[in-house]
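The values are calculated or read from the model by the stated rules, or taken from the named source; none is laboratory data. Quantities reported herein were computed from a predicted structural model and do not represent experimental measurements. Please note: Cβ atoms are built from the backbone with ideal geometry, for glycine as well, and neighbour counts cover all protein chains shown.
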Amino acid sequence: MSGEQVYRAPLHRRLRPLYFLSPTLLILLSVTLFPLIYSLYLATHTVILTNPMLSGWSLQDNLREVFLESPEYWESFATTLILVVTVVSIEFVLGLMLAYFFYNNFTGRDFIFPFFLMPMMLTPVVVGTIWRFLFNGEFGLIAGLLKAMGVVNYSILNEPSTALVGIIIADVWQWTPFMLLLMLAGMRALPTSPFEAAQVDGASRFQIFRDIMLPMMKPVIVIAVLIRMIDAFNRTFDTIYIMTNGGPGRVTETLAVMAFRSSFEYFFMHQGAIVALSMLVIIIIMTKVLGRFMAGPRED
Amino acid sequence: MAPKSRLYWIVCYFILALYGVFTLLPIAYLVVSSFKTQLQIYAGVSSTFWFTPTLESYRFIFETKPILHMLMNTLIVSVGSTVFSLVFGTIAAYALARYRFRGRDDLAFYILSIRMFPPIVAALPIFMIFNNLNLLDSKIGLIIAYTSFNLPFVVWMMTGFIKAVPVQLEEAAMVDGQSQLGAIRDILLPVLRPSILAVAIFCIIFSWNEFLFALILTKSQAKTLPVAIPEFITWTEVGWNYVAAAGMVLVMPVLIFSFLAQRYMVRGMSMGAIKD
Amino acid sequence: MASIDIRNLRKKFGDLEVIPGFSLHAEDREFISLLGPSGCGKSTILRIVAGLEELTSGDVVIAGRNVTALEPKDRDIAMVFQNYALYPHKSVFENLAYGLRIRKRPEDEIRKRVTEVSELLQIQQLLQRRPAQLSGGQQQRVAMGRAIMREPAAFLFDEPLSNLDAKLRNHMRVEIRQLQQRLGITTLYVTHDQVEAMTMSDRIVVLNHGMIEQIGKPLEIYETPASIFVATFIGSPAMNLVRVRTDGNALVFPSGDRLSVERQLQGDVVLGIRPERIKLSASKSENSLPFEIVLVEELGAQKIIHGRIGATEMTVAFPEDVPLPTNGASVSLPGNYLHFFDPESGKRLA
């Protein structure tokens, strides 16, 4: 382009996307990057709120404390894993099944559908309290039903063997509607002609569901399962805090609860920071691996 | 599809009815318990739904706790964070949807990935930072904290919604004599109104229901209602009727609101999930 | 005087140069079509003239004013989009009025103008409707109406008819042309439909890969296509093209059949002849070639006959009312309708 007049759009016009993005980026950087750096500081030092005299670099000690000196971290890790895998599997199967029913036309469908979505709108803390009292051994509805069946004063949440089951039931109750909503939206977005073609080819209802509908829904399923996994991992805190606060013993103490208790019950901020940061690492690995695994080989 | 057998319908209705009971029973339990006295709570399973309702629990909680104050806090923080996120998030989404520039897709992914951040990771340092900045127990502080999860959500959803609007609409307005910002104001925003509404509803509900940040960052002045709920639970668990009443006060606005705005919410939710 | 001047326009998307240098001068009141296959850069050129796309280098001058650095709003143009881009939340009236409202014209002037335009386009009864309540043809009219509201210096059309069905398209073609002639506004019209370009334009610009293959009046382009590309793009059914060997004054077909021509040519050439120029008859005459009929398409007004000269496929357009020869047909190719192209460059041989 030698000697030719090269046209340049005015600078302010070329920088427009930057103007538009900068407030958001500024806010997001300050609520993520800055805390992250601060977390790293906490994790590598001794920070005990009740004992400000202790301080200084102590990364190795901190790591040893959390990961090696007691099995607590690994117990919480296992609890979290069991919780996430169980609730997401159950919610997926239930949500898919309910969505398949709601995919049909029947009288009253649009009337009853919103009621099925109600649990996901409720404040998790309130959901936690409802289930805590439902499970209460003295006057709770479920304990009452158990009593009628001959089991006397059984408190699901107070028994180490069943406390996690109680948490899982509450989570499934609250979040299956979310799966239902996404699965139904995914089903309704599908073209119906492949189902008709399969029908003409002589496939049974179940075969159509398994061989045609499910594979076509894969993108929605991947997204829905991923969202639920991340949320179950990150945000099951509220219900557990209310229902058991990690107990009895530590059987329902997930990583998020552990990070919270380390920091705000024992005021060992550095321990809390290490547990929290480990969660971030796990979530990154989880999304990468699962995203790839579930998406399968890219076709496009 | 082809007509279904009778057996299929029987199974379908049976499972829906069963799941419907499972879904509604706990909510019904909350509702009835809030209208009971402590004695009635103990009255046994048979009278769970058979009792003389009373507003005693509601009177008690409003008299002993600053419920209204906390309710107002919850509302102010929810609306504040929603408006804040919506304004900046929509502008950012416009840039991501309408411009091509280097690193755009990475940037969009970074913004989305902030939603995957475990809240506890941000909560710890934000507590320490707010402690130093004197932002603990302030509504402004809580609004900023809530923006950390609302803003990425707004950007993500609105990018999709804006992409779905043909860019020719704005171009036509610009050819008609409007500036770019004018075209956004006159054409794009009115067209997007239902989508913005859907996103706003979700932001409000997320914030309304938020617990962890509120628990860590507020004490009394800016305390929101969700944090107050656990305080009703005494060691002996005798106050279930009070907890239920407080829970009702917290939950009912959202339930009523979501029933009214259902059309928008389902639309917003589905669109976000189906694209990409 | 509202001429449009495009000078040395270049456009790159990253490293990809989509328009390697384009110049065009449109006279005042002229109707110019930009014709080419999809991806040839015709829409990009139009959008650059509108100011909706930044250019890499070059100048755009409208009505003697260099608008290269101006925003679309300051260019005094009007544009009709392929998808019409009607404002979905505004009534037809407000869609039409919007341009004047931005310019803060008085209400009674706006009313008057909307009335005039809607009468001109016969959409008076639609003014209170929303775009979603209109048929495709009605939306098209409203989009047209919006463009003429302000009496701009130039009209830009981006494939405005391609979303309409065939019948409506034929109708709107005539209407747009009449309207443009009546208003006398300089027009750039982008299309991939050669019939639209042929019937509506004063001049056609045939584009391929961002470069001008030919500029000319419709008939010029039809009668003397500058390249094989233009020859095949214009005319339906498409021009027959045969690669032949030359031998002195004779063309040698792959079948070995010979055809003597008046021109002296060298080496291999591509011979082109339009199906409607070929003469088909039962009797073999001097300088005619044996023709084997394979398939006949009845179109009503004419027949399209697909056949072969040896192994070379050839299409002939034949009038309906003349009976087809039953056995042993032959074709003659009139010398003054033959086109010759260079087989390497595809350019017309002078």
What are the pairs with Cβ atoms under 7 angstrom where one residue, in region A:149-176, is over 20 Å from residue A:84 (Cβ atoms) and the other, located anywhere, is charged (D, E, K, R)? Sequence gap at least six, or different chains. A:153/A:138
Filter result for residue B:128 (assigned to a helix (DSSP H, G or I), at pLDDT 90 or above, crowded, with 19+ Cβ neighbours inside 10 Å and over 16 Å from the mean Cα position of the chain (by Cα)): no
Number of positions in region A:187-202 that are surrounded by 12 or more Cβ atoms within 10 Å (Cβ to Cβ), more than 35 Å from the chain's Cα centre (by Cα) and more than 11 Å from every other protein chain (Cβ to nearest Cβ): 1
Which residues, counting only those in region C:88-100, are within 9 Å of chain B (Cβ to nearest Cβ) and more than 18 Å from residue C:156 (Cβ to Cβ)? C:88, C:89, C:90, C:100
Would it be correct to say that residue A:35 is at pLDDT below 80 and either of a type outside the set (Asp, Glu) or assigned to a loop (DSSP other than H, G, I, E, B) (or both)? no
Could you check region C:1-87 for strands (runs of 3 or more DSSP E) lying wholly inside it with 2 or more residues that are surrounded by fewer than 20 Cβ atoms within 10 Å (Cβ to Cβ)? C:4-13, C:16-26, C:57-62
Here is a list: B:225, B:215. Which entry is modelled with pLDDT of 85 or more, surrounded by fewer than 24 Cβ atoms within 10 Å (Cβ to Cβ), of a type outside the set (Asp, Glu) and in contact with a helix residue (DSSP H, G or I) (Cβ under 9 Å, 6 or more places away or on another chain)? B:215
May I ask you to list pairs of residues, at least six apart or on different chains, whose Cβ atoms are under 7 Å apart, with the first in region A:268-280 being more than 7 Å from chain B (Cβ to nearest Cβ) and the second being assigned to a strand (DSSP E or B)? A:268/A:48; A:270/A:45
When you scan region C:211-231, do you find a residue that is modelled with pLDDT under 90, out of contact with any His (no Cβ under 9 Å at 6 or more places or on another chain), surrounded by 20 or more Cβ atoms within 10 Å (Cβ to Cβ) and closer than 27 Å to residue C:12 by Cα, even just one? no
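Rundown of residues vs (1) more than 25 Å from residue C:198 (Cβ to Cβ); (2) over 15 Å from the mean Cα position of the chain (by Cα), yes/no style:
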| position | (1), (2) |
| --- | --- |
| C:20 | yes, yes |
| C:23 | no, yes |
| C:26 | no, yes |
| C:29 | no, yes |
| C:32 | no, no |
| C:35 | no, no |
| C:39 | no, no |
| C:44 | no, yes |
| C:55 | yes, yes |
Hits in region C:107-122 - residues which are hydroxyl-bearing (Ser, Thr, Tyr) and out of contact with any Gly (no Cβ under 8 Å at 6 or more places or on another chain): C:115
Pairs please, first residue from region C:49-72 and more than 10 Å from every other protein chain (Cβ to nearest Cβ) and on the phi > 0 side of the Ramachandran plot, second anywhere and of a type outside the set (D, E, K, R) and assigned to a loop (DSSP other than H, G, I, E, B), Cβ atoms under 8 Å, 6+ apart in sequence or on different chains. C:63/C:1; C:63/C:2; C:63/C:3; C:63/C:153; C:64/C:1; C:64/C:3
May I ask you to list the residues in region A:135-167 that are aliphatic (A, V, I, L, M), crowded, with 16+ Cβ neighbours inside 10 Å and closer than 25 Å to residue B:41 by Cα? A:141, A:142, A:143, A:146, A:156, A:157, A:163, A:167
Checking A:102, A:178 in turn, the sole residue that is farther than 17 Å from residue B:255 by Cα, at the interface with chain B (Cβ under 10 Å from one of its Cβ atoms), aromatic (Phe, Trp, Tyr) and buried (at least 20 other Cβ atoms within 10 Å of the Cβ) turns out to be A:102
If I filter region C:108-123 for residues that are touching a residue at least 24 places away in the same chain (Cβ under 8 Å), assigned by TED's automatic domain parsing to the domain that holds residue C:77 and in contact with a strand residue (DSSP E or B) (Cβ under 9 Å, 6 or more places away or on another chain), do I get at least one hit? no
Please count how many residues of region B:87-118 are more than 16 Å from residue A:23 (Cα to Cα), modelled with pLDDT of 85 or more, in a helix (DSSP H, G or I) and facing chain A (nearest Cβ under 7 Å). 0
Checklist (1) of a type in the set (A, V, I, L, M); (2) touching a Pro at 6+ places or on another chain (Cβ under 8 Å); (3) not in a helix (DSSP H, G or I) applied to residue B:136, failing item: (2)
Select the helices (runs of 4 or more DSSP H) contained entirely in region C:183-273, then report the ones holding at least 1 residues which are closer than 25 Å to residue C:318 by Cβ and among the acidic types (Asp, Glu). C:218-223
Which number in (1) assigned by TED's automatic domain parsing to the domain that holds residue C:32; (2) closer than 30 Å to residue C:288 by Cβ marks the one condition that residue C:211 misses? (2)
If we keep just the residues of region B:34-68 that are assigned to a helix (DSSP H, G or I) and at the interface with chain A (Cβ under 7 Å from one of its Cβ atoms), which is surrounded by the fewest Cβ atoms within 10 Å (Cβ to Cβ)? B:45
